2 protein chains.
Amino acid sequence: MSPLTESTFFILLSLVPGAQHGYAIMQQVAQLSDERVTLSTGTLYTALKRLLDDGWIEQVEEPDAPRGRKTYRLTPSGRTAVHEETARLVSLSELARRRLEGAQ
Amino acid sequence: MSPLTESTFFILLSLVPGAQHGYAIMQQVAQLSDERVTLSTGTLYTALKRLLDDGWIEQVEEPDAPRGRKTYRLTPSGRTAVHEETARLVSLSELARRRLEGAQ
DNA sequence: TAACGACATGTCGCCAATCGACATATGGAG
DNA sequence: CTCCATATGTCGATTGGCGACATGTCGTTA
């Protein structure tokens, strides 16, 4: 399992509490990251396509959805991936802190 | 300041305690990451070149160095970058944990 | 009513970085 | 002498992000 890119990780993170559509994901990522990560539409929609292909997200059928809005939710595999990536980030940041503090 | 790739971050981390040459960096990254990250030579030497260009590492002149060995050390900018990236990882991993635990 | 900005999805081409494969050369051990 | 660890490097393919462009709706307001 290779490390996720920051964009991909934020997209998955924004879907953790529940399903959302693309544009809302974009806004939430900006909010979550305190405006530090602002996804371009190019990044967002190609990432969503890739995540669908990988089976990490799936489209939710919503009959009452306005216009051409498409809503996505995490699959179990996607949720596992978020957990694994979070574990990687935690161990990596702890390793880095130890190194910077001088303790091997 | 965009996020560093995992490879680049590990290379910089391995130089935190002191100067090293390329091959030793490769071995230390493998050891630091518990064999999870094994840099190919392609990744290593192109990354070192890039880091030199960016002024994050510099070559150390060693008259007693055996063969064509080249030793590198962190510059002040490079050290700053490691600190900033570590801070980013810490805040990101904390954000992720909060999200997964359901709080916000 | 016309214009504007927010909402909403999508494609395209460029660029940056990783990876595996290949190339080259030295030193030491068996 | 052959093999392996040491040591540096290039090249081409692939992946992913980004900015620009394209298209269309909806609500507000001048």
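Tabulated data for the structure shown
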{"quantity": "Other-copy label distances relative to A:Arg79, 7 angstrom Cα-Cβ extension, nm", "calculated": "4.6"}
{"quantity": "Rounded to 10°, Cα long-axis angle of helix B:41-53 versus longest principal axis of chain B", "calculated": "90"}
{"quantity": "Extension gain from B:Glu58 to B:Leu100, taking 0.36 nm per residue of separation minus the Cα-Cα distance", "calculated": "11.0 nm"}
{"quantity": "Label spacing, shortest first and in nm, from A:Val16 to its equivalents in the remaining copies (7 angstrom along Cα→Cβ)", "calculated": "2.4"}
{"quantity": "Rounded percent of accessible protein surface that carbon and sulfur make up, chain B, 1.4 Å probe", "calculated": "48"}
{"quantity": "Inter-copy spacing of A:Glu58 label points, which lie 7 Å from Cα along Cα→Cβ, given in nm from shortest upward", "calculated": "5.7"}
{"quantity": "Test item: B:39-49 mean partner chain Cβ contacts at 10 Å", "calculated": "0"}
{"quantity": "Difference of contour (0.36 nm per residue) and Cα-Cα distance, A:Ser2 to A:Ala30", "calculated": "7.7 nm"}
{"quantity": "Shape category assigned to region B:1-102 from the gyration tensor of Cα positions, a/c cut at 1.5", "calculated": "prolate"}
{"quantity": "Environment charge of B:Gln28, counting only residues whose C-beta is closer than 13 Å and scoring Lys/Arg +1, Asp/Glu -1", "calculated": "-1"}
{"quantity": "In degrees, nearest ten, helix B:76-100 long axis to first principal axis of chain B (Cα)", "calculated": "30"}
{"quantity": "Cα gyration tensor, region B:3-52 - rounded (a/c under 1.5), prolate or oblate", "calculated": "rounded"}
{"quantity": "Within straight-line cross-link reach of B:Lys49, lysines at Cα separation under 18 Å, skipping those fewer than 8 residues along the same chain", "calculated": "B:Lys70"}
{"quantity": "Computed magnitude of the charge dipole of chain A (debye, nearest 20; Cβ of K, R +1, Cβ of D, E -1)", "calculated": "160"}
{"quantity": "Net charge of Cβ neighbours under 14 Å - reference A:Leu92; Lys, Arg +1; Asp, Glu -1", "calculated": "-1"}
{"quantity": "FRET efficiency, B:Tyr23 to A:Tyr23 (Cβ-Cβ, R0 41 Å, nearest 0.05)", "calculated": "0.25"}
{"quantity": "Summed residue charge, Cβ within 13 Å of B:Leu4's Cβ, Lys/Arg positive, Asp/Glu negative", "calculated": "-3"}
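The values are calculated or read from the model by the stated rules, or taken from the named source; none is laboratory data. All values derive from a computational prediction rather than experimental measurement. All Cβ positions, glycine included, derive from the backbone under ideal geometry; neighbour counts span all protein chains shown. Accessible surface is based on the protein model in full, side chains and every heavy atom, while ligands, DNA and RNA are left aside. Shrake-Rupley method; radii C 1.70, N 1.55, O 1.52, S 1.80 Å.
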